[in-house]
Amino acid sequence: MSPVSTTSMQRVLTTLGHREPDRVPFFLLLTLHGAKELGLSIKTYFSTPEHVVEGQMRLLAKYRHDCLYSFFYAPVEIEAFGGEVMFVDDGPPNSGEPVIKTHQDIRNLTVPDVENTPCLARVLAATRGLRDRVRDQVPIIGVVMSPFSLPVMQMGFDRYLDLMFEQPDLFSHLMKINQAFCVQWANAQLAAGATAICYFDPVSSTTITTRKMYLKTGFEVACQTLAQINGPTATHMASGRCLPILQDIADTGTAAVGVSCLEDIRAVKAACKNKLTVMGNLNGIEMRRWSVEQAENHVKDLIAKAGAGGGFILSDNHGEIPFQVPDEVLMAISDSVHRWGKYPLPTDVSGKE
Amino acid sequence: MDDRDKMLNAFERALLDVDRLAARQVMEQRGRDMRPIRFVEKVVLPVLEQLGAGWQDGPLALSQVYMAGRICEELIDEMLPPADPSRKNQPRMAICILEDHHALGKVMVYAVLRSGGFDLLDYGVVGVDDLVARVQADRVKVLLISVLMLPSALKIKSVRQKLMDRECDVTLIVGGAPFRFDDQLWQAVGADVMCENASDVVPAIEKMMEEKR
């Protein structure tokens, strides 16, 4: 009798339970590569949900990884607030001029109506489309920007830091607006079929704010926000460091954390043991110039350091793989996980089985 | 601990506490023998360099380094107004963000350079062709480019090529997240120098000035 194959959903749920599934699960967090698969420009690709559904399904089949990513682009939330999105030919769309230019703009800001905002409706339609295709076999990862990190795009990083340090009342007001939006947006994606929500929160990383500041700001915001989201969440630091605040992140109620390649994955994994599943931490920027051999070595090294005992999903460290990363490298990552990531892990993942 | 060490410690503490008043007190207590430019060289820049290194290595946060730069810029602008003859004899410099609206890196470098007594043109957010035209028209000799996104970093290659086509002799200093995640990227795009943090910029420019002397 042939063995019953494990689905990606079962694999991911097992590792989230801090147990070892059949192999290390891996998420290739690909957004722009779907446009390549369909031979479309990035702007055209994101113009209809059908393109994204088809692109994600093709990427899933091609790379045999373990998730679908219903994320379009970060400034979709800025678009919802009335802001501009700038498309380029070879990278993720970027936010344009900040929507908040004055303090009065913060006071006048209103929460967008998720269901009736066309750019968000496209993401929800894509999520529903993906759900129709895979049902419960493959996790679908939805994305929200944390209320604490969204202002970087809403008003510019420098002016946001000024606000955080010098205008606590206005800062609190902005957090309330963003929080109401974030909860509504996350729950709409879950209702549309997302399995879990990735809560991007790089401003909470210790690269950007001190732990002391985080506990007063991003931590409180995360605790309040995540408690209102009707499904599992993973907090992603989008390349920022987080080792000193891993226990705090666990205390926000999140199930997993996306970590930086700037930190030792072994130390991160040890700090997260039985509390948080670790997602990471391949260097996406370097990845564009890796050889196939280098890709394999990075994957083997990562599995050797973080794979044991479950609680680990191999991924890039930023939450989005750059458009410039070639197919051969992505394929090499996939082949390497399939080869070296089978549990029980080879005693020497460095090559001597 | 000698007086200068005490001054350095007090200034660093004030900046980390985002305490403008305490930072001003250190500046005002610097003594009659320490001219403003000397205070900048002996206290402000070493402290900013130390904070920058602290961020690069992990223990400090970007928000602390940013606020420190802002406080220093405010103080130094009072001590050394833009037209002050004590400001350095320097090459013509400009700073920009290439095709991106994330200004933090540029704001920090600008603050550190102004704190270091340098003057520079601020081009804000620019595209490749506009940047090249302005550099040529302004006869800029040192161009600082800040980027956040990888595609913007890769466009620096085109800036370099177009400057060469116009025979503009410009030292290209680059910085920003993509360069910190790939230590070969700055050379791949044809930059002359890569700075890992804002406070690396002043020593880099001083070294360049020394070599050209």
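The values are calculated or read from the model by the stated rules, or taken from the named source; none is laboratory data. Everything quoted here is computed from the prediction, not taken from an experiment. Cβ placement follows ideal geometry from the backbone for every residue including glycine, while neighbour counts extend to all protein chains displayed. Ligands, DNA and RNA are excluded from the accessible area calculation, which covers all protein heavy atoms including side chains. Shrake-Rupley method; radii C 1.70, N 1.55, O 1.52, S 1.80 Å.
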Checklist line | Across A:Lys275/A:Lys300; A:Lys43/A:Lys300; B:Lys157/B:Lys207, pairs whose alpha-carbon gap is larger than 31 Å | finding: A:Lys43/A:Lys300
Check: Taking only protein heavy atoms and a 1.4 Å probe, what accessible area per residue, in Å², does the range B:109-213 have with all protein chains in place?
Finding: 42 Å²
Checklist line | Residue-normalised accessible area of the range B:3-79, expressed per residue, 1.4 Å probe, Å² | finding: 48 Å²
Note to self: Per residue of the range A:284-297, what does 6.51 cos²θ - 1.76 cosθ + 1.60 with θ = phi - 60° give for ³J(HN,Hα)? Whole Hz please, x for Gly and Pro, Karplus curve as stated.
What the structure shows: x, 6, 5, 3, 5, 10, 6, 7, 4, 5, 4, 4, 4, 5
Next item on the list: Could you tally the net charge around A:Trp290, taking each other residue with its Cβ under 10 Å from the Cβ of A:Trp290, Lys/Arg +1 and Asp/Glu -1?
Entry: -2
Next item on the list: Please list, in chain and number order, the residues 5+ apart from A:Ala196 or on another chain whose amide H is under 5 Å from its amide H, with Hs placed from the backbone.
Entry: A:Ile140, A:Gly142
Notebook entry, point to check: Which value in deg cm²/dmol, rounded to the nearest 500, describes the helix-derived mean residue ellipticity at 222 nm for chain B, given -39,500 (n - 2.57) per DSSP H run of n ≥ 4 and division by the residue count?
Noted result: -16500 deg cm²/dmol
Note to self: Compute accessible area for the range A:79-97 by itself and then with all protein chains, 1.4 Å probe, and report residues whose area falls by 10 Å² or more.
What the structure shows: A:Met86, A:Val88, A:Asp90, A:Pro92, A:Asn94, A:Ser95, A:Gly96, A:Glu97
Next item on the list: Using protein chains only (no ligands, no nucleic acids) and a 1.4 Å probe, work out which residues of the range A:141-177 have their accessible area cut by at least 30 Å² relative to the chain alone.
Entry: A:Phe157, A:Asp158, A:Leu161, A:Asp162, A:Phe165, A:Glu166
Check: What accessible area per residue comes out for the range A:201-327, rounded to a whole number of Å², with a 1.4 Å probe?
Finding: 34 Å²
Notebook entry, point to check: Which percent of the accessible heavy-atom area of the protein assembly as shown goes to carbon and sulfur, probe 1.4 angstrom?
Noted result: 50 percent
Check: Sequence-distant or interchain residues sharing an amide H contact under 5 Å with A:Asn281, placed H: which?
Finding: A:Ser315
Note to self: Which residues belonging to the range B:173-206 lose at least 40 Å² of 1.4 Å-probe accessible area when the assembly is complete, relative to their chain isolated?
What the structure shows: B:Phe181, B:Asp182
Notebook entry, point to check: Considering only A:Val12, B:Ile76, A:Ile140, whose Cα is most displaced toward the positive end of the charge dipole of the protein assembly as shown, charges sitting on Cβ of Lys, Arg (+1) and Asp, Glu (-1)?
Noted result: A:Val12
Next item on the list: Within the set of other residues whose C-beta is less than 10 Å from the C-beta of A:His338, count the net charge using Lys and Arg as +1 and Asp and Glu as -1.
Entry: +3
Note to self: I'd like the orientation of helix A:218-227 relative to chain A: the angle between its Cα long axis and the longest Cα principal axis, in ° from 0 to 90, rounded to 10.
What the structure shows: 80 degrees
Next item on the list: Enumerate the lysines that B:Lys162 could reach by cross-link, defined here as Cα to Cα under 18 Å, with residues fewer than 8 away along the same chain left out.
Entry: B:Lys141
Note to self: Residue by residue through A:257-266, how many Cβ atoms from other chains fall within 10 Å of the Cβ on average?
What the structure shows: 1
Item checked: Unit charges on C-beta of K, R, D, E only; dipole of chain A, Debye -> 840 debye
Margin query: Sequence gap at least 6, Cα distance under 8 Å: using those rules, report the relative contact order of the range B:45-150 to the nearest whole percent.
Written below: 33 percent
Next item on the list: State the three equivalent ellipsoid semi-axes of the range A:175-248, derived from the C-alpha gyration tensor as the square roots of 5 times its eigenvalues, in descending order and whole Å.
Entry: 23, 13, 9
Item checked: Debye intensity ratio I(q)/I(0), log10, the range A:162-305, q values 0.13, 0.17 Å⁻¹ (C-alpha model) -> -0.64, -0.99
Checklist line | For A:His236, residues with placed amide H under 5 Å, excluding near neighbours | finding: A:Tyr199, A:Phe200, A:Asp201, A:Gly258
Check: How many percent of all Cα-Cα pairs in the range B:3-79 sit more than 22 Å apart?
Finding: 15 percent
Notebook entry, point to check: If you wrap a convex hull around the C-alpha atoms of the protein assembly as shown and split its volume per residue, what is the figure in Å³?
Noted result: 164 Å³
Checklist line | Degrees separating the helix B:150-165 axis from the principal Cα axis of chain B, which is the longest one | finding: 70 degrees
Check: Quick one: helix B:62-79 against the long Cα principal axis of chain B, what's the angle to the nearest 10°, folded into 0 to 90?
Finding: 70 degrees
Note to self: Could you give each residue of the range B:99-105 its phi-based ³J(HN,Hα) in whole Hz, using Karplus coefficients 6.51, -1.76, 1.60 with θ = phi - 60°, and x for Gly or Pro?
What the structure shows: 6, 7, 10, 8, 8, 4, x
Checklist line | the range B:1-158 - Rg and Dmax from Cα coordinates, angstrom | finding: 17.0, 53
Notebook entry, point to check: Which whole-number percent gives the relative contact order of the range A:33-186, counting Cα pairs below 8 Å spaced six or more residues apart?
Noted result: 25 percent
Note to self: Taking 8 Å as the Cα distance limit and 6 or more residues as the minimum spacing, I'd like the relative contact order of the range B:3-79 as a percentage.
What the structure shows: 37 percent
Next item on the list: Report the semi-axes of the equivalent ellipsoid for the range B:93-211 in whole Å, largest first, where each axis is √(5λ) for an eigenvalue λ of the Cα gyration tensor.
Entry: 18, 17, 14
Notebook entry, point to check: Taking each residue of B:59-68 in turn, how many C-beta atoms of other protein chains fall within 10 Å of its C-beta, and what is the average?
Noted result: 6
Notebook entry, point to check: Which ³J(HN,Hα) values in Hz, rounded to whole numbers, follow from the phi angles of the range B:8-19 under the Karplus curve 6.51 cos²θ - 1.76 cosθ + 1.60, where θ = phi - 60° and Gly and Pro get x?
Noted result: 4, 4, 5, 5, 4, 4, 4, 5, 5, 7, 6, 10
Check: Where does the charge balance sit around A:Arg11 when Lys and Arg score +1, Asp and Glu -1, over other residues with C-beta under 9 Å from its C-beta?
Finding: -1
Checklist line | DSSP-defined antiparallel bridges as percent of all bridges, the protein assembly as shown, nearest 5 | finding: 5 percent
Next item on the list: For the A and B pair, go ahead and give the buried accessible area with a 1.4 Å probe, both sides summed, in Å² to 100.
Entry: 2700 Å²
